[in-house]
Amino acid sequence: MKKLLYFIPVLLVMACGGNKSRNDKAAETPVEEKKVSVLSNAFNSSFEKVLASYYSLRDALVAGDTTQANAASSSLIAAVGEVKLDELKSADTANIIIPTAKTYTDGIASESKGLLGEPDIEQKRKAFQMISTGLFDLVRTVRYDKQKVYMLHCPMAFNNAGADWLSNTTEIKNPYFGSKMLTCGSVADSVVLK
């Protein structure tokens, strides 16, 4: 009888502990929410090419590499020309989004062509500032929701006038100063995913 009284609490502790550890393991496992974009796969695919080209341009300016900056700028020109804006028709009931987005893609292409014509890295960085502003406005206009896009800001760029750039992370790698002041900047804004 004494043995039975001893085993009952042991069994209860083991039973409760066993369930608790299963529950703890379930609680520790993060539940991944799959984001479903409201935009079409065709649009998202074309827009991801724009962002990839832009990020390559940013990285080339961080490295101070004019040859790579030119290559990335050429890639960006092609990518913005191929954005599937017609895929936004269902969301553009007032016929405002597509024409506005077209204005931004044209501006980005124009500034990218200007960047190609600049011989020196500092002039390329000035053109990049305009590209960054246009691209962030484009991201917001089309309501891109496939990945988070951050706007980072360097207050010291261009004789303390300040300048922004875009990133898919919050890590600061300043394209306006490169290795001189690589981590100068902060997160200024982001496009919130729905």
(request) Out of the residues in the stretch 147-156 that are touching a strand residue (DSSP E or B) at 6+ places or on another chain (Cβ under 6 Å) and aliphatic (A, V, I, L, M), state the one that is nearest to Val38 (Cα to Cα). (result) Val149
(message) Can you list residue pairs whose Cβ atoms sit under 6 Å apart, with the first residue in the stretch 154-177 being buried (at least 18 other Cβ atoms within 10 Å of the Cβ) and among the polar types (S, T, N, Q) and the second being in a loop (DSSP other than H, G, I, E, B) and modelled with pLDDT under 95? Count only pairs 6 or more apart in sequence or on different chains.
(response) Asn174/Met181; Asn174/Leu182; Asn174/Cys184; Asn174/Gly185
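In the list Thr133, Thr183, Thr93, which residue meets the criterion of being of a type in the set (Ser, Thr, Tyr), over 22 Å from Asp65 (Cβ atoms) and within 20 Å of the chain's Cα centre (by Cα)?
Residue meeting the stated conditions: Thr133.
Closer than 20 Å to Asn44 by Cβ, at pLDDT below 95 and surrounded by fewer than 16 Cβ atoms within 10 Å (Cβ to Cβ): is that true of Thr183 in this structure?
No, not satisfied.
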(message) I'm told Val139 meets every condition in (1) out of contact with any Asp or Glu (no Cβ under 9 Å at 6 or more places or on another chain); (2) loosely packed, with under 15 Cβ neighbours inside 10 Å except one. Can you identify the failing condition by its number?
(response) (2)
(message) Among the numbered criteria (1) surrounded by fewer than 16 Cβ atoms within 10 Å (Cβ to Cβ); (2) of a type in the set (Asp, Glu); (3) in a loop (DSSP other than H, G, I, E, B), which one does Asp92 miss?
(response) (1)
(request) Take Ala72 and decide whether it is in a helix (DSSP H, G or I), among the aliphatic types (A, V, I, L, M) and in contact (Cβ under 8 Å) with a residue 24 or more places away in the chain. (result) no
(message) Please verify whether Thr100 is touching a Leu at 6+ places or on another chain (Cβ under 7 Å), part of a helix (DSSP H, G or I) and either modelled with pLDDT of 95 or more or exposed (fewer than 15 other Cβ atoms within 10 Å of the Cβ) (or both), treating the condition exactly as stated.
(response) no
(request) Could you list, in sequence order, all residues of the stretch 63-74 that are surrounded by fewer than 16 Cβ atoms within 10 Å (Cβ to Cβ) and either among the hydrophobic types (A, V, I, L, M, F, W, C) or under 14 Å from the mean Cα position of the chain (by Cα) (or both)? (result) Ala63
(request) Using the structure shown, decide if Asn159 is at pLDDT below 95, of a type outside the set (D, E, K, R) and either farther than 28 Å from Ala42 by Cα or out of contact with any strand residue (DSSP E or B) (no Cβ under 7 Å at 6 or more places or on another chain) (or both). (result) yes
(message) Take the conditions under 14 Å from the mean Cα position of the chain (by Cα), within 21 Å of Gly81 (Cβ to Cβ) and either part of a helix (DSSP H, G or I) or in contact (Cβ under 8 Å) with a residue 60 or more places away in the chain (or both) and apply them to Leu115. Does it pass?
(response) no
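Yes or no, residue by residue, for (1) of a type in the set (Ser, Thr, Tyr); (2) under 22 Å from Gly162 (Cα atoms); (3) surrounded by 15 or more Cβ atoms within 10 Å (Cβ to Cβ):
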{"position": "Arg58", "(1), (2), (3)": "no, yes, yes"}
{"position": "Leu61", "(1), (2), (3)": "no, yes, yes"}
{"position": "Leu76", "(1), (2), (3)": "no, no, yes"}
{"position": "Val80", "(1), (2), (3)": "no, no, yes"}
{"position": "Gly107", "(1), (2), (3)": "no, yes, yes"}
{"position": "Gly114", "(1), (2), (3)": "no, yes, yes"}
{"position": "Glu122", "(1), (2), (3)": "no, yes, no"}
{"position": "Phe128", "(1), (2), (3)": "no, yes, yes"}
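The values are calculated or read from the model by the stated rules, or taken from the named source; none is laboratory data. Remember, it's a predicted structure, so these values are computed and weren't measured experimentally. Here the Cβ is made from the backbone with ideal geometry for all residues, glycine too, and neighbour counts use every protein chain on show.
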